[in-house]
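Trainee: Please see the structure below; I have some questions.
We did not get these values from a lab; they are worked out from the coordinates using the rules stated. Predicted model, so just to flag it, every value in this text is computed and none were measured. Here Cβ is always computed from backbone atoms with ideal geometry, including for glycine, and neighbour counts include all displayed protein chains.
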Amino acid sequence: MSEFFDQATDFAKEYILPYAKDIDEKMRFPEESFKKMGEKGYFKLMVPKELGGLGKGMAEHSYACRAFAKASASCGLCYMMHNVCLSIVLKYGSEELKKKIVTDVVENNKFLGFAYSEFGSGTNFYLPDIKAEFTKDEVILNGSKSMVTSATYASYYLLLSSSETGEGIDNWIVPIETKGVEFKTGNWNGLGMRGNVSCPMEFTNVHLPKEYRIGKAGDAMTHIFEVIAPFFITGLASVYTGVCEAVLEEALHHATSRKHTFGPMLAEYETVQTHISRIYSLTNAAILGTNEAARAVDANEADAIAKVISARIFASEAAIETARHGMRIGGGKAYNKMGIMERLLRDAYAGQIMAPSVDVLILWLGRALTGLPLI
């Protein structure tokens with residue numbers, strides 16, 4: 001494994017893991033962990049070196065998301081979304097917009113979040129209902145985004161709207177302090193990933209200068225498939241691979257430390273050995289698939305998107321399956337929330353529905369492999 005992954009793992013053990021239980025139980029954002037991420041330079045991971053960043057690629061993005069998610073899935077998820085949003089700004093933003101955002105990230109440890117999904121369109125986030133009216137210099141936004149991750153904590157939010165051209169969609173960056181923006185924080189009650197504090201973000205006559213549009217009017221679908229899809233989907237594969245690793249570690253710890261009063265250690269039972277074997281095999285396959293997807297993207301290989309989609313499908317389903325086996329190893333103790341297996345099971349279930357959902361991705365993979373457009 002890479003030196004970078006080892007460093008990210010050490011960081012997670014020191015600055016994420018100690019807060020993971022409290023974050024889940026209180027459904028609060030991992031403020032302490034994100035403060036340290038900024039201080040240690042993780043927010044500028046994707047920023048080119050000439051702009052003051054670390055100049056890293058997909059492999060390091062994947063390693064960091066995976067290491068952070070092993071300690072806290074919520075942390076890995078929110079961090080992943082920052083990297084994806086920032087990558088869009090770096091690739092398509094104007095020089096002025098790029099300078100503003102990058103300066104805040106590099107010098108002020110600010111981070112970004114997503115405001116894509118809506119109540120009406122669900123996982124079809126590329127079909128926004130939010131009302132966008134245009135003047136010569138501004139867009140005026142009215143409506144709601146439904147599941148905004150890192151709500152109230154990120155400094156900038158990536159938002160999709162209908163386009164000024166009447167065709168296609170537009171990407172915008174919305175600063176948190178923009179007048180007319182409000183978060184409905186009391187609406188979050190997640191089954192898993194409880195620390196991502198997702199909630200609706202409402203826009204009431206929000207006047208946003210056109211300088212905050214990313215790229216050309218109507219071009220956001222290109223952004224989605226050229227940048228967002230590979231970074232976001234690989235990031236989710238990495239997050240759920242991290243969950244698999246956490247399940248394996250917890251299962252091994254319980255199986256080798258739990259001893260019945262009549263003698264045998266839990267690990268001595270063949271049934272438990274079978275469960276451990278299955279968890280390990282799924283986790284190992286998730287690691288290999290996710291690493292290969294990240295490598296293929298960095299190498300710009302022709303089948304990279306197929307590998308990325310496949311890795312996300314497998315890791316999301318493997319997380320659920322490993323946690324299912326893990327709960328059986330944990331038995332009554334796991335069901336009584338002793339240890340972390342029950343939390344890992346809840347976190348795992350979020351992966352199958354997070355946009356693009358596993359059901360959507362399975363169709364996309366079939367289309368990609370047969371040479372058809374994804375949508």
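Trainee: What net charge is computed for the residues neighbouring L361, neighbours being all others with C-beta under 15 Å from the C-beta of L361, Lys and Arg scored +1, Asp and Glu -1?
Mentor: +1
Trainee: Sticking with this one: Could you work out how far the C-alpha centroid of the range 105-173 sits from that of the range 336-354, in angstrom?
Mentor: Value for the Cα centre distance between the two parts: 29 Å.
Trainee: Amide H to amide H, which residues 5 or more places from I214 or on other chains are under 5 Å from it, using H placed in the peptide plane?
Mentor: N171, W172, I173
Trainee: Tell me, what HN-Hα J-couplings in whole Hz come from the Karplus equation 6.51 cos²θ - 1.76 cosθ + 1.60 at θ = phi - 60° for each residue of the range 189-199, using x for Gly and Pro?
Mentor: Taking θ as phi minus 60°, the curve returns 8, x, 5, x, 6, 5, x, 7, 6, 4, 7 Hz for the range 189-199.
Trainee: Enumerate the amide H contacts of S117 below 5 Å, restricted to partners 5 or more residues apart or on another chain; note that Pro and chain-start residues carry no placed amide H.
Mentor: Amide H neighbours of S117: S146, M147.
Trainee: Quick check on the range 1-147: take the gyration tensor over C-alpha atoms, sort the square-rooted eigenvalues as a ≥ b ≥ c, and tell me if it's rounded (a/c under 1.5), prolate or oblate.
Mentor: Oblate.
Trainee: From the alpha carbon gyration tensor of the range 252-375, can you work out the equivalent ellipsoid semi-axes (sqrt of 5 times each eigenvalue) and give them in Å, largest to smallest?
Mentor: Ellipsoid half-lengths, sorted descending, are 36, 15, 10 Å.
Trainee: A follow-up question, please. Relative contact order (percent) for the chain, with alpha-carbon contacts under 8 angstrom and 6 or more residues of separation?
Mentor: Rounded, it is 16 percent for the chain.
Trainee: How long are the three semi-axes of the equivalent ellipsoid for the range 207-261, computed from the Cα gyration tensor as the root of 5 times each eigenvalue, in whole Å, largest first?
Mentor: Here the semi-axes work out to 47, 12, 5 Å.
Trainee: Size of the dipole of the range 208-308 about the Cα centre, Lys and Arg at +1 and Asp and Glu at -1 on the beta carbon, nothing else charged, in debye to 20?
Mentor: That gives the range 208-308 a dipole magnitude of about 240 debye.
Trainee: Can I ask one more? Hey, what angle do you get for helix 229-257 against the long axis of the chain, alpha-carbon based, 0 to 90 degrees rounded to 10?
Mentor: Helix 229-257 and the main axis of the chain meet at about 20 degrees.
Trainee: Give a residue-ordered list of calculated ³J(HN,Hα) values for the range 138-146 (Karplus: 6.51 cos²θ - 1.76 cosθ + 1.60, θ = phi - 60°; whole Hz; x for Gly, Pro).
Mentor: So the Karplus estimates, Gly and Pro as x, are 9, 10, 10, 9, 9, x, 9, 10, 8 Hz.
Trainee: In whole Å, what are the extents of the chain along the principal axes defined by its C-alpha atoms, from largest to smallest?
Mentor: Largest first, the chain extends 79, 45, 41 Å along its Cα principal axes.
Trainee: Please give the calculated 222 nm ellipticity per residue for the chain, where each DSSP H segment of at least 4 residues contributes -39500 (n - 2.57) and the sum is spread over every residue; nearest 500 deg cm²/dmol?
Mentor: Helices in the chain give a 222 nm mean residue ellipticity of -17500 deg cm²/dmol.
Trainee: Right, another one. List, in order, the whole-Hz ³J(HN,Hα) value for each residue of the range 116-127 obtained from phi through the Karplus relation with A = 6.51, B = -1.76, C = 1.60 and θ = phi - 60°; use x for Gly and Pro.
Mentor: So the Karplus estimates, Gly and Pro as x, are 9, 5, 9, 5, x, 9, x, 6, 7, 5, 7, 10 Hz.
Trainee: Express the Stokes-Einstein translational diffusion coefficient of the range 139-243 in µm² s⁻¹, to the nearest whole number, given a Kirkwood radius over alpha-carbon pairs, 20 °C and a viscosity of 1.002 mPa s.
Mentor: Roughly 142 µm²/s, to the nearest whole number.
Trainee: Follow-up. Once the other residues with Cβ under 14 Å from the Cβ of T322 are scored (Lys, Arg +1; Asp, Glu -1), what is the net sum?
Mentor: Cβ neighbours under 14 Å give a net charge of -1.
Trainee: Relative contact order, percent, of the range 27-70 when contacts are C-alpha pairs under 8 Å separated by at least 6 residues?
Mentor: Relative contact order of the range 27-70: 21 percent.
Trainee: Expressed in whole Å with the largest first, what are the equivalent ellipsoid semi-axes of the range 313-375 derived from the C-alpha gyration tensor as the square root of 5 times each eigenvalue?
Mentor: 33, 10, 5
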